[in-house]
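Comments concern the structure below.
The values are calculated or read from the model by the stated rules, or taken from the named source; none is laboratory data. All values reported here derive from a predicted model rather than from experimental measurement. Neighbour counts are summed over all protein chains in view; Cβ atoms, including those assigned to glycine, are modelled from backbone coordinates with ideal geometry.
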2 protein chains.
Amino acid sequence: MTTKRARPTIRDVAVQAGVSMTTVSDVVNSKGRVDPATRERVLTAITQVGWRPRRSARALRSGLTGVFAMCLPVGHVGVGDWLVNAEYDMALVAACAAATVDSERQLLVAPRPKDVRDLARLDVDGVIIADPREGDQALTVLNNAGVPAVTIDRDIQRTDGWWVETDNAGSTVQVLDHLAAQGARRIALVTADAPWAWFEDTSAAYARWCEDHGVKPQVRLVDVERPRATAATGVRSLLRLRNPPDAIFAIPYGTPLGALDAIVESGRSVPGDMLLAGGMDGQLLQSASPPITAVDLRPVEMARAAVDLLARRVNGELAAGPVVIDTTLRIRESTRPG
Amino acid sequence: MTTKRARPTIRDVAVQAGVSMTTVSDVVNSKGRVDPATRERVLTAITQVGWRPRRSARALRSGLTGVFAMCLPVGHVGVGDWLVNAEYDMALVAACAAATVDSERQLLVAPRPKDVRDLARLDVDGVIIADPREGDQALTVLNNAGVPAVTIDRDIQRTDGWWVETDNAGSTVQVLDHLAAQGARRIALVTADAPWAWFEDTSAAYARWCEDHGVKPQVRLVDVERPRATAATGVRSLLRLRNPPDAIFAIPYGTPLGALDAIVESGRSVPGDMLLAGGMDGQLLQSASPPITAVDLRPVEMARAAVDLLARRVNGELAAGPVVIDTTLRIRESTRPG
DNA sequence: TTGAAAGCGCTACCAA
DNA sequence: TTGGTAGCGCTTTCAA
């Protein structure tokens with residue numbers, strides 16, 4: 001009477017199947033040097049004894065953990081007048097998890113540590129950093145420790161090409177062209193003066209578009225801590241101009257609502273008197289009255305591309321270039337006059 | 001000329017400090033049997049050689065991986081007329097990650113696999129399941145595999161006590177009392193007929209409260225796939241009654257907006273003609289016009305409690321009972337008449 | 001096509 | 001208070 005209560009190991013499988021541990025290992029790792037019949041016996045034995053390989057043993061021997069880590073962008077702690085779009089971040093996390101699983105890996109979520117150097121202690125095969133700050137120290141730390149990393153969104157100081165980004169210039173032009181096609185002649189921009197590529201690219205593309213179309217750019221900046229309220233203030237000042245804009249493109253999440261507040265307050269209507277578009281789609285814009293046209297930043301595609309890019313970097317590819325994801329404009333009532 | 005380019009191991013530290021590997025191990029694991037002076041030397045050596053322990057080696061030897069997994073509730077794939085509250089889920093994930101890190105562990109996020117049995121193959125010390133379905137197969141699989149698990153929210157079929165839940169009955173009473181205190185005499189409930197404890201507890205508490213206060217319960221059910229639209233339909237039918245309600249408590253996320261749609265459409269105003277409260281707080285309710293009173297389900301506290309509970313279960317405690325978290329009512333303009 | 005044996009880095013155990 | 005050594009479960013290497 002054998003009392004084998006402990007969790008089965010590869011040895012138990014080998015005994016059960018009447019082969020060596022090596023053969024079992026080769027079967028589960030698809031080394032393709034095993035006779036089909038043997039293979040079948042091994043697979044049967046695996047289910048019979050209920051074996052599941054231990055990641056730690058595998059990792060110790062092979063030198064790879066089979067785990068990617070994802071650094072969350074910021075704190076998510078409650079309801080507030082946020083810049084944060086939780087849907088976007090949640091989609092990012094869920095899609096990264098799905099993509100790592102598809103590549104036979106697992107995804108660790110890591111909060112930003114107080115001490116960035118702790119990032120190098122994660123003991124993973126690679127790290128995905130969402131929404132990097134300018135000159136992000138995390139990247140320096142990881143590079144020094146030899147841990148492969150990629151970012152979702154471009155760090156404006158970086159040039160190494162290991163990131164995934166949306167086509168911000170393209171999406172800006174798309175929005176502005178759409179507004180112009182709907183009859184807008186004077187399109188104002190509401191954005192933030194913060195060191196993220198998204199804001200920089202958008203502002204630059206807006207300035208260029210205005211120049212190309214011979215119109216005067218009108219920009220209002222918001223405080224990223226209070227996007228809605230400060231956007232409303234900015235738009236109020238636009239509406240008091242002698243020649244006010246007839247369309248507003250509000251970039252940071254939450255600012256289209258502030259713009260709408262100011263427009264309604266002035267007795268104007270959207271889209272009748274003023275067109276309105278947002279730079280980042282979300283429930284808040286979709287369920288506004290009227291629903292607001294906005295740019296879908298494709299978090300799912302970004303996440304999948306990031307995992308793919310990281311896998312390439314881990315595999316030793318020297319440069320896979322930045323990956324640029326096309327955005328999609330979600331056209332809603334706020335830009336459909338008449 | 002030594003060419004030591006490989007990642008340092010505990011042996012390198014031991015050599016550098018002139019002690020045994022055991023001593024180094026004891027220092028980093030705070031075994032407290034090391035002389036303070038030796039300890040100092042070891043710590044210095046660790047930074048000198050830049051050693052960081054490998055989780056996999058540690059795990060292989062100790063039998064514990066130091067990793068918890070979290071099963072995400074549902075797919076997060078884009079903007080829609082959702083029941084899903086991404087802020088809540090994101091807060092859950094972020095707080096779970098923070099709490100596991102505080103307990104010297106790491107958090108893996110796992111999508112729900114096609115085959116639930118894959119959950120047992122995760123090779124982690126424990127699993128947190130957010131938002132379990134009724135009689136969740138995942139729990140059965142994990143139990144059979146001997147993997148400790150806890151859930152966030154109660155599976156109504158379960159009795160083992162390994163879960164964390166909000167005080168749904170208490171929060172319902174709190175909302176109803178608040179509405180009554182604001183002058184409401186006939187409070188209707190908008191909820192869903194879905195097998196989650198949240199809905200069941202709330203409905204039961206509502207029925208009891210109505211009985212206790214001698215008022216007739218009025219319930220409308222929504223389709224969880226289209227909460228806003230179907231809530232509007234339900235509320236419209238309430239407003240056509242000979243004796244319509246003067247307050248509405250709408251539970252599923254998104255339904256307070258549908259209720260508001262129907263109320264405004266009927267020419268009534270909130271809170272002037274009708275009070276309105278929501279069962280789950282979020283940006284959508286906070287930024288509605290008027291801002292809607294709602295129950296804060298405390299995702300951060302839920303997450304921390306879940307990690308704590310799982311740690312107890314992993315440590316072999318036999319029963320730590322269900323943990324009940326008190327909710328907080330966020331009172332806003334929608335329930336402040338006059 | 002298969003197997004035997006070494007060893008990945010760490011900690012538990014026992015001895016000093 | 002410290003050190004030596006065995007061995008966790010797996011994959012790799014080399015031999016058959």
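Hey, can you tell me all the residues within segment B:293-338 that are closer than 20 Å to B:Pro252 by Cα, within 13 Å of the chain's Cα centre (by Cα) and among the basic types (Lys, Arg)?
Of everything in segment B:293-338, just one residue is closer than 20 Å to B:Pro252 by Cα, within 13 Å of the chain's Cα centre (by Cα) and among the basic types (Lys, Arg), namely B:Arg298.
Return the residues of segment B:186-209 that are in contact with a strand residue (DSSP E or B) (Cβ under 8 Å, 6 or more places away or on another chain) and farther than 20 Å from B:Tyr253 by Cβ; say none if nothing qualifies.
Within segment B:186-209, B:Arg186 is the sole residue that qualifies.
Looking only at segment B:30-50, which residues are away from DNA strand C (no atom under 11 Å from the Cβ), surrounded by 12 or more Cβ atoms within 10 Å (Cβ to Cβ) and within 21 Å of A:Leu119 (Cα to Cα)?
Across segment B:30-50, the qualifying residues are B:Leu43, B:Thr44, B:Ala45, B:Gln48, B:Gly50.
Please verify whether segment B:310-317 includes one or more residues that are within 12 Å of chain A (Cβ to nearest Cβ) and not charged (D, E, K, R).
no
Among (1) over 30 Å from A:Thr255 (Cβ atoms); (2) at pLDDT 90 or above; (3) within 11 Å of chain B (Cβ to nearest Cβ), where does A:Asp123 come up short?
It fails just one condition, (2).
Could you tell me whether A:Asp177 is of a type outside the set (Val, Ile, Thr) and at pLDDT 90 or above?
Yes; evaluated as a whole, the condition is true for this residue.
Taking B:Ile46 and the conditions (1) closer than 28 Å to B:Leu297 by Cα; (2) in contact with a helix residue (DSSP H, G or I) (Cβ under 8 Å, 6 or more places away or on another chain); (3) more than 8 Å from chain A (Cβ to nearest Cβ), which numbered condition does it fall short on, given that it satisfies the others?
So the condition that B:Ile46 fails would be (1).
Does at least one position in segment B:218-237 carry a residue that is within 11 Å of chain A (Cβ to nearest Cβ), of a type in the set (Asp, Glu) and touching a residue at least 12 places away in the same chain (Cβ under 8 Å)?
No, segment B:218-237 contains no residue that is within 11 Å of chain A (Cβ to nearest Cβ), of a type in the set (Asp, Glu) and touching a residue at least 12 places away in the same chain (Cβ under 8 Å).
Collect the residues in segment B:103-117 that are more than 9 Å from chain A (Cβ to nearest Cβ) and either free of Cβ contacts under 8 Å to residues at least 24 places away in the same chain or assigned to a loop (DSSP other than H, G, I, E, B) (or both), keeping them in residue-number order.
B:Ser103, B:Glu104, B:Arg105, B:Arg112, B:Lys114, B:Asp115
So which of A:Val116, A:Val19, A:Val109, A:Val27 ends up being modelled with pLDDT of 90 or more and away from DNA strand C (no atom under 16 Å from the Cβ)?
Working: A:Val116 fails: modelled with pLDDT of 90 or more; A:Val19 fails: away from DNA strand C (no atom under 16 Å from the Cβ); A:Val27 fails: away from DNA strand C (no atom under 16 Å from the Cβ).
Unique residue meeting the criteria: A:Val109.
How about segment B:11-50: which of its residues are within 29 Å of A:Val67 (Cβ to Cβ) and not in a helix (DSSP H, G or I)?
B:Asn29, B:Ser30, B:Lys31, B:Gly50
Within segment A:312-338, how many residues turn out to be within 25 Å of A:Val101 (Cα to Cα), assigned to a helix (DSSP H, G or I) and either at pLDDT 95 or above or touching an Asp or Glu at 6+ places or on another chain (Cβ under 7 Å) (or both)?
So the count comes out to 1.
Which members of segment A:264-281 meet the condition of being in contact (Cβ under 8 Å) with a residue 60 or more places away in the chain and under 22 Å from A:Val324 (Cβ atoms)? Explain how you work it out, then say what you get.
Taking segment A:264-281 as the starting set, the residues that turn out to be in contact (Cβ under 8 Å) with a residue 60 or more places away in the chain are A:270-272, A:275, A:277, A:279-280.
Result: A:Ala277, A:Gly279, A:Met280.
Taking the conditions exactly as written (modelled with pLDDT under 90, more than 16 Å from B:Val109 (Cα to Cα), more than 23 Å from the chain's Cα centre (by Cα) and β-branched (Val, Ile, Thr)), does A:Val34 satisfy them or not?
Numbers: modelled with pLDDT under 90: yes; more than 16 Å from B:Val109 (Cα to Cα): yes; more than 23 Å from the chain's Cα centre (by Cα): yes; β-branched (Val, Ile, Thr): yes.
Judged against the criteria, A:Val34 is a match.
Working only within segment B:146-174, note down all residues that are within 14 Å of chain A (Cβ to nearest Cβ) and surrounded by 19 or more Cβ atoms within 10 Å (Cβ to Cβ).
B:Val147, B:Pro148
Just to be sure, is B:Met302 within 22 Å of B:Glu200 (Cβ to Cβ), modelled with pLDDT of 95 or more and not in a helix (DSSP H, G or I)?
It is false that B:Met302 is within 22 Å of B:Glu200 (Cβ to Cβ), modelled with pLDDT of 95 or more and not in a helix (DSSP H, G or I).
Look at segment A:51-69 and say how many of its residues are part of a loop (DSSP other than H, G, I, E, B), more than 8 Å from chain B (Cβ to nearest Cβ), more than 9 Å from DNA strand C (Cβ to nearest atom) and not aliphatic (A, V, I, L, M).
Qualifying residue count, segment A:51-69: 2.
Looking at B:Val19, B:Val24 in this structure, which one is more than 14 Å from chain A (Cβ to nearest Cβ), surrounded by 14 or more Cβ atoms within 10 Å (Cβ to Cβ) and within 7 Å of DNA strand D (Cβ to nearest atom)?
B:Val19
Which of the numbered conditions does A:Ala97 fail, given that it passes all the others? Conditions: (1) closer than 22 Å to B:Gln106 by Cα; (2) modelled with pLDDT under 90; (3) within 7 Å of chain B (Cβ to nearest Cβ).
Failing condition for A:Ala97: (2).
Against the conditions (1) more than 16 Å from DNA strand D (Cβ to nearest atom); (2) β-branched (Val, Ile, Thr); (3) without any contact (Cβ under 8 Å) to a residue 60 or more places away in the chain, where does A:Ile128 fall short? Just the number, please.
It fails just one condition, (3).
Tally time: how many residues in segment B:1-10 are under 26 Å from A:Ala69 (Cβ atoms) and either modelled with pLDDT under 90 or not polar (S, T, N, Q) (or both)?
Number satisfying all stated conditions: 5.
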